[in-house]
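What follows is one structure encoded as structure tokens, with my remarks underneath.
The values are calculated or read from the model by the stated rules, or taken from the named source; none is laboratory data. What you are looking at is a predicted structure, and each value in this text was computed from that prediction instead of being measured. Glycine also receives a Cβ, built like all others from the backbone with ideal geometry; neighbour counts cover every protein chain displayed. Each accessible area value is taken on the protein alone, full model and side chains, heavy atoms only, with ligands, DNA and RNA left out. Shrake-Rupley method; radii C 1.70, N 1.55, O 1.52, S 1.80 Å.
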Amino acid sequence: MQAADAAEQIRDVLKEEREEHAATERFRAQAALLIAVLAMLLAITSLGGGNVTEDMLNANIHASDTWAFYQAKNVRQTMVELAAEELELELRREQETLSSEVRKAYESKIAEYRARAERYESEPDPEAPNDPTRGEGKKELFARARHYEAQRERAQEQDPNFDFAEALYQIAIVLGSVAILATSRTILWLSVAMGVVASVLMLNGFFLWFRLPI
């Protein structure tokens, strides 16, 4: 073999090694970038999941308090209605023996009790009369409690999406790290697939495009 041919072969080998090294470095850079993006999305998912958990707890507390207030209003309304009925019965029994002034006093008290019972039933907020969730009557409290329950149920549906997305992002990051060490495109593509599924779940956690079967 001539010296020129040997030198040419050496140059080809060195060129191939440089190209292979450059390809490996590009692959590792791409994998590192992927890991960085996955870590960012994981942080967003963790923040979303934490906010949903907080919303779920707050909505549950507000719903419980509102239902307790509703029950208290119901008890008061029942007591007032019973008092009004008792006065009506007494007025009927003693109607012939009562003076007109006393009869008017009975009627005035009965009307007062009936009006109070109606306020217990529905008492809209003067500042927002068209908002069914604002006010202190039973009707408004019922609507408000249902509103909080709807918020709680929505948060309960959102929460699993964030949980699964967070787990998948963590697995995808681990696979991306393994892909760098093993220089394996197959493992890297598996990491990408995990990241895509996790991203869909994360977005569904925010927007609830579909319901999870579990």
Using helices alone, I'd like the mean residue ellipticity at 222 nm for the chain: each DSSP H run of four-plus residues gives -39500 (n - 2.57), total over residue count, nearest 500.
-31500 deg cm²/dmol
What are the ³J(HN,Hα) couplings of the stretch 112-125, residue after residue, when phi is run through the Karplus curve with 6.51, -1.76, 1.60 and θ = phi - 60°? Round to Hz, x for glycine and proline.
5, 5, 5, 5, 5, 5, 5, 5, 5, 6, 8, 9, x, 6
To the nearest 10 square angstrom, how much accessible area does residue 212 have with a 1.4 angstrom probe?
40
The whole-number value in µm²/s of the Stokes-Einstein translational diffusion coefficient for the chain, with Rh from the Kirkwood sum over alpha carbon pairs at 20 °C and 1.002 mPa s, is 90
Helix 185-207 axis, angle to the chain major axis (alpha carbon atoms, nearest 10°)
20
Extension length gain for residue 186 and residue 79 (0.36 nm per residue less Cα distance), in nm, is 31.2 nm
When only Cα pairs under 8 Å and 6 or more residues apart are kept, what is the percent relative contact order across the stretch 72-180?
19
Show me the trypsin sites (Lys or Arg not before Pro) within the stretch 91-160 that DSSP assigns to loop and that have at most 16 other Cβ atoms within 10 Å of their Cβ.
134
So the FRET efficiency between residue 108 and residue 146, C-beta based with R0 = 35 Å and rounded to 0.05, is 0.45
At q = 0.20, 0.22 Å⁻¹, what log₁₀ I(q)/I(0) does a Debye calculation on the Cα points of the stretch 119-214 give, no solvent, two decimals?
-0.89, -0.96
Over the chain, calculate the relative contact order: mean separation of alpha carbon pairs under 8 Å at least 6 apart, over the residue count, as a percent.
28
Computed lengthening from residue 125 to residue 209, 0.36 nm per intervening residue step minus Cα-Cα distance:
26.8 nm
Rounded to the nearest 0.05, what FRET efficiency do residue 60 and residue 170 give with R0 = 30 Å and r taken as the Cβ-Cβ distance? Could you check?
0.60
For the stretch 78-168, what is the accessible area per residue in Å² when the probe is 1.4 Å?
66
Report residue 186's accessible area, 1.4 Å probe, all protein chains in place, as a number in Å² to the nearest 10.
110
Residue 136-residue 40 FRET efficiency (beta carbon distance; Förster radius 35 Å; 0.05 resolution)
0.15
Longest principal axis of the chain (C-alpha) makes with the long axis of helix 3-94 (C-alpha) an angle, in degrees to the nearest 10, of 10
C-alpha long axis of helix 138-182 to longest principal axis of the chain, angle in °
10
Amide H contacts of residue 135 (H built 1.01 Å from N, under 5 Å, at least 5 apart or other chain):
125
